[in-house]
Amino acid sequence: MKSAVETLDPTKVKLTVEVEYDELKPSIEHAYKHIAEQVNIPGFRKGKVPPRVIDQRVGWGAVIEHAVNDGLSGFYRQAASEESLRPLGQPEVEVTEIPAKAGEGQLVFTAEVEVRPEITLPALDSLSITVEPAEVTDEDVTERLDALRERFGTLVGVDRPAAEGDFVVLDLKAEIDGEEVDSVSGVSYQIGSGNMLEGLDEALTGLSADETTTFTAPLAGGEHAGEEATVTVTATSVKQRDLPEADDDFAQLASEFDTLEELNADLREQVASIKTSNQAVAARDELLKALNDAVEIPVPSGVVEAEVHRHLESEGRLEDETHRAEVTVEATDAIRNQILLDTLAEQLEIKVAQNELLEYLVSASRQYGMDPNQFIQSLDQGGQIPAMVGEVARSKSLAVALRQIEVKDTAGNVVDLTEFIGSDDEDAAADESVEDVAAEPVEEALVDDSAETAAEAPVEDDEKDATKA
């Protein structure tokens, strides 16, 4: 098989492939066998019709068409691999020549396809990453303690106008052009949470029990989502949350500690851990931004359009041009980042270990509320395991890249992110890479291990509920 590549633009190539008759022969033999099983010809049993009879009764055209359809995708993949192409979308294929009769001729086709563009990344050690300090203040500890006290607080009715932070039990009715389109009754809402209607916080503030007010706002959901409505809201009761005293008794009630001092020390450690984790996230985001700023990345328009169409079609919003513009920007950014991180992973020669892939898949299965075994089996059946390996590799590439960059906080202190980004020594000591176990059945290499992992780390009932929410 011969192939040649013509670059049409930075993100699109034209691949020309010539397949000799001998290479096409297995597909032709398969075509004869398949047609023989389908046709009824007097004097021959199904599946036993000779090729020469099929040529006479059915025609060479049907045979070669079946053979080309059967073998084309394989020849395309082989040629793309031999030419080291990195396709990002589906090819537009045109067959320009086929064997005119059995025994001679060749198959020639062209495939125009969008590919990952070649980009040159800057030297990692030339980049500078700065993050906020992880210093824990007394205010941080007090804020976390107050949040814990709120969990053990009680709601008490008050005879005064509602203020921010109060809980109001309300009845609400929305009308458009005088027609009621929605209503709720007996709903408890905390002023300031902002999770219902725009303008509701302002309308409720200053409202006492059994008082009513009216305001206009766009509806947040339902058939009339986004439409301006006249909203009538009545506060049936106003309650405030009374917090327990922060003392040793509360520490014993809310934790495993005997004193408030011990509880505060633990809360300080929690805050420190969260802030350090936030530093790692911020460093990753800053690195991604720095790389994007340092290189111009052409994005294949066809890949973007396909992703936008898929997204809008899933939402039933193909005609929503405003939303299309928003999704186009998001899809373009996502594909640009994918190109960048795939290049980075290739440059750093990232390998994904089996345990890393397994950990990612088990975590993803929990997000979807699925059993890890079933989730992995469904991905394998859909041919999605390689895509998952790609996701892990992209994420890992940022972590490995950060090992080559000195990260400092705004105070000039060097930040140690080893806990979150690992080390080269840890990678060297990791289990077999995915490539090393590629020959193993997925159920044996991944699914059985996932069952063991799930058994070692069971999800508590409240964690399951939180995941689903």
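The values are calculated or read from the model by the stated rules, or taken from the named source; none is laboratory data. Because the structure is predicted, anything quoted here is derived from the model rather than measured. Methodologically, a virtual Cβ is constructed for each residue, glycine included, from the backbone with ideal geometry; neighbour enumeration extends over all protein chains shown. The accessibility values were calculated without ligands, DNA or RNA, using every heavy atom of the protein model including side chains. Shrake-Rupley method; radii C 1.70, N 1.55, O 1.52, S 1.80 Å.
Annotations
- When the solvent-accessible area of the stretch 289-443 is split by element, carbon and sulfur atoms take up 46 percent of it, the probe being 1.4 Å.
- Projecting label points 7 angstrom from Cα along Cα→Cβ for Q347 and S183 puts them 6.3 nm apart.
- The stretch 170-230: C-alpha pair distances exceeding 17 Å, %: 37 percent
- Using every pair of separate Cα atoms, the Kirkwood estimate puts the hydrodynamic radius of the stretch 1-105 at 15.4 angstrom.
- Each of (1) 1.09; (2) 0.96; (3) 1.00 is a candidate for Rg/Rh (Cα atoms, Kirkwood Rh); the one calculated from this structure is (1).
- Environment charge at V49 (Cβ cut-off 11 Å; Lys +1, Arg +1, Asp -1, Glu -1): +4
- Probe 1.4 Å, accessible area per residue of the chain, Å²: 58 Å²
- Student exercise, the stretch 1-93 dipole from Lys, Arg, Asp, Glu Cβ charges, in Debye to nearest 20: 540 debye
- Cβ charges +1 (Lys, Arg) and -1 (Asp, Glu), total dipole of the chain, debye: 2940 debye
- Nearby aspartates and glutamates by direct alpha-carbon distance to K14 (threshold 20 angstrom, same-chain neighbours under 8 apart not counted): E6, E82, E83, E92, E94, E97, E112, E114, E118, E305
- Scaled to the globular estimate 2.2 N^0.38 Å, the Cα spread of the stretch 19-172, given as radius of gyration, is 2.37.
- Efficiency of FRET from Cβ geometry, E319 and T418, R₀ 51 Å, rounded to 0.05: 0.50
- FRET efficiency for the pair D380 and R77, taken as 1/(1 + (r/R0)^6) with r the Cβ-Cβ distance and R0 = 25 Å, rounds to 0.85.
- When each of the peptides 103-112, 339-348 is scored by how many other beta carbons lie within 10 Å of its residues on average, the order from highest to lowest is 339-348, 103-112.
- Each part reduced to its alpha carbon centroid, the stretch 364-423 and the stretch 246-261 end up 37 Å apart.
- With all protein chains in place and a 1.4 Å probe, the accessible surface of the stretch 63-179 carries 43 percent carbon and sulfur.
- Neighbours of L155, meaning other residues whose beta-carbon lies under 15 angstrom from its beta-carbon, give a summed charge of +1 when Lys and Arg score +1 and Asp and Glu score -1.
- The alpha-carbon of K173 sits under 23 angstrom from the alpha-carbons of these lysines, leaving out residues fewer than 8 places away in its chain: K239.
- Counted by Cβ distance under 15 Å from A36, the other residues give a net charge of +2, where Lys and Arg count +1 and Asp and Glu count -1.
- Nearest-20 debye value, the stretch 145-252 charge dipole, Cβ charges on Lys, Arg, Asp, Glu: 260 debye
- Cross-link pairs K275/K396; K33/K351; K2/K101; K12/K408; K275/K351 - those with Cα-Cα distance over 32 Å: K33/K351; K12/K408
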